[in-house]
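Here, each number is a calculation from the coordinates, and none is a lab measurement. Quantities reported herein were computed from a predicted structural model and do not represent experimental measurements. Don't worry about glycine lacking a Cβ; one is built from the backbone with ideal geometry, like all the others, and counts go over all protein chains shown.
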Amino acid sequence: MGTNTHVLAIPFPLQGHINPMLQLCNRLSSKGVRVTFVTTVSVSKTLQTKTGSINLINIETVPDFTIQEVDGLDIYEIYIRSFRASITNGISDIIKKQRDSGFPVKAIVYDSVIPWSLDIANENGLKGAVLFTQPCAVSSIFYHMHKGTLEISRDEGSEVLLPGMPVMGLKDLPTLVYDMNSYPSLLRLLVEQFSTFEKADWRLFNTFDKLEDEILKWMATKYPIRTIGPTVPSMYIDKRIQGNNDYGLSLFKPKTESWAEWLDTKDDQSVIYVSFGSLADLSEKQMEEIALGLTETKCSFLWVVRDSEQSKLPQDFTSDQLTEKGLIVNWCSQLEVLSHRSVGCFLTHGGWNSTLEALVLGVPMVVMPQWTDQTTNAKFIADVWRTGVRCKENGNGIVTREEVIVCVNDVMKGERGREIRRNVLKWKDLAIEAVSEGGSSDKNVTEFVTELKSA
Ligand code: UDX
């Protein structure tokens, strides 16, 4: 395959959105597509290559943007508008530069939360492919909101019944939906994902057919869709899977890599890995309960506490201080950690990337959802795929130390833990099958590439 078919990829510049877009780009480039990844200057500086030698993905930058307060707009709205202005100002020049260099662009692959990218594509005579980075189940809820077909009763104990979905309670819906006033601009952003759904030339979802079978079939009755996930780099899945693994991008800089050696000293499946992703903002009380709960389990723990969260740690819990029992770091290579033989359980917020990574790497989960899609992801993890347990909050919205201990023990020990492990391994095999040559997601990426080439 030649590399004359050229796409621009525009991710939303947050860690949880950049990762799946970048890995999709890796796969497209491994199938002979020329890919130009468009991001801000400061994000581009965090790009890492594993070998540093291959240059299959080009990077083009748009200017960094600063957040300036605007009366009547919340911080998210300002962020979204500033990012849009930055892309809009830079993109035509990038498209022109590529054309002048002999690499005309055919299409833009854009994150579903920036649907205005399709207008940019069409104004420049290009096709558009939208990538949904959250599960199809979650996206379908926003689809119903967009169409005005989401009917929910706010009465205590009401059930939410939606086509292709399990019976859900109110609090299984994304937090932005069951508490519509919490972040109105983010809710709007997620509902507007569907504003270009029908007009886009391709609709890609970071999931795989067997994982979300029913809801994907339902969504496909609306418009043709393609699953392309899980977008975990193939080197962590199975070295035989086709795909360039060279690129990763981390917006956070780890202060230490001591966790790697520390994990080596631990027994198989004995360590709890704890991480709440790149955005979660836990209360001090919640941090204390997690800290004390972890200490009282009989297991060792590796806990990622981002720099912005560290002041909330209780006394005696210090970052980078290696102890027999636990290690707290500000960031790590989560994929390396989840692949390590010593990790037996993942205490997670249930972000979609973390969920897929745990599934593909066969790690049982204890889920403590915080916001957005994580509540719905937790419902599926605990009740549909049965690959983990969900922590219950007390009346003050806190997961107590006792609950942490019970949930960790459930997953690490006993019959329930063994059943969860069997389920995770089943899903792991199915995920690998989907992205292996000829698997459902692999076929979908190949078909997408074939259509791109003839577009
Ligand atoms: C956000 C949302 O919160 C999430 O719910 C949504 O599904 C995607 O966007 P985030 O909260 O950061 O993402 O969580 P997640 O989706 O799990 O993504 C975090 C990414 O950061 C993962 O790919 C994980 O591997 C990576 N990570 C996390 C690291 O590489 N190192 C760490 O120390 C922690």
Nearest 10 degrees, 0 to 90: helix 136-147 Cα axis against the chain principal axis
60 degrees
Taking N as the residue count of segment 342-455, its alpha carbon Rg divided by 2.2 N^0.38 Å gives 1.27
Can you work out the Karplus-derived ³J(HN,Hα) for every residue in segment 260-277? Use 6.51 cos²θ - 1.76 cosθ + 1.60 with θ = phi - 60°, whole Hz, and x for glycine or proline.
5, 5, 4, 4, 4, 7, 9, 5, 4, 6, 10, 9, 8, 9, 10, 7, 10, x
Express as a percent, rounded to the nearest 5, the fraction of DSSP beta bridges in the chain (both residues included) that run antiparallel.
10 percent
Under 5 Å between amide hydrogens, which residues at least 5 positions from GLN269 or on another chain qualify, with H placed 1.01 Å from N in the peptide plane?
SER342, VAL343
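For the chain, what does the helix formula give at 222 nm: sum of -39500 (n - 2.57) over DSSP H segments with n ≥ 4, over the residue count, nearest 500 deg cm²/dmol?
Numbers: 17 runs with 179 residues, N = 455.
Dividing the helical sum by the residues of the chain leaves -11500 deg cm²/dmol.
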Looking at the chain, identify the longest residue range that excludes and avoids all GluC sites (Glu not before Pro) in DSSP loops having at most 12 other Cβ atoms within 10 Å.
325-436
At what distance in angstrom do the alpha carbon centres of segment 317-361 and segment 385-429 lie from each other?
16 Å
Here segment 113-118 yields Karplus 3J(HN,Hα) values (6.51, -1.76, 1.60; θ = phi - 60°; whole Hz; Gly and Pro given as x) of 7, 10, x, 4, 4, 5
If you line up the long axis of helix 440-454 against the longest principal axis of the chain, both from Cα atoms, how many degrees apart are they, to the nearest 10?
20 degrees
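In segment 380-453, which trypsin sites (Lys or Arg not before Pro) are in a loop and have at most 12 other Cβ atoms within 10 Å, using DSSP for the loop call? Can you show the working numbers first?
Details: sites: ARG386, ARG390, LYS392, ARG401, LYS413, ARG416, ARG418, ARG421, ARG422, LYS426, LYS428, LYS443, LYS453; in loops: ARG386, LYS392, LYS413.
For trypsin sites (Lys or Arg not before Pro) across segment 380-453 that sit outside H, G, I, E and B with at most 12 neighbouring Cβ atoms in 10 Å, the list reads LYS392.
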Restricting to lysines and to Cα separations under 17 Å from LYS31, and discarding same-chain partners fewer than 8 apart, the set is LYS106, LYS239, LYS443, LYS453
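On alpha-carbon atoms, Rg over Rh for the chain using Kirkwood Rh? Intermediate values should be presented prior to the final figure.
Working: Rg = 21.5 Å, Rh = 22.7 Å.
With Rh from the inverse mean 1/r over Cα pairs, Rg/Rh is 0.95.
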Mind checking which of TRP303, SER153, THR40 is farthest towards the positive end of the chain's charge dipole, using Cβ charges of +1 (Lys, Arg) and -1 (Asp, Glu) about the Cα centre?
THR40
Taking a cut-off of 14 Å between Cα atoms, list the aspartates and glutamates near LYS255, but don't count ones fewer than 8 places away on the same chain.
ASP307, ASP320
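Would you mind working out the magnitude of the charge dipole of segment 284-388 relative to its Cα centre, with +1 at each Lys and Arg C-beta and -1 at each Asp and Glu C-beta, to the nearest 20 Debye? Write out the running numbers ahead of the final one.
Values: 8 positive and 13 negative charges, 67 e Å.
Once rounded to the nearest 20, the dipole reads 320 debye.
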Compute the angle between helix 15-30 and the longest alpha-carbon principal axis of the chain, please, reported from 0 to 90 degrees and rounded to the nearest 10.
50 degrees
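In percent, how large is the relative contact order of the chain, given Cα pairs closer than 8 Å and 6 or more residues apart? Mind showing how you got there, number by number?
Values: 832 pairs, mean separation 73.7, N = 455.
Averaging sequence separation for qualifying contacts and normalising by length gives 16 percent for the chain.
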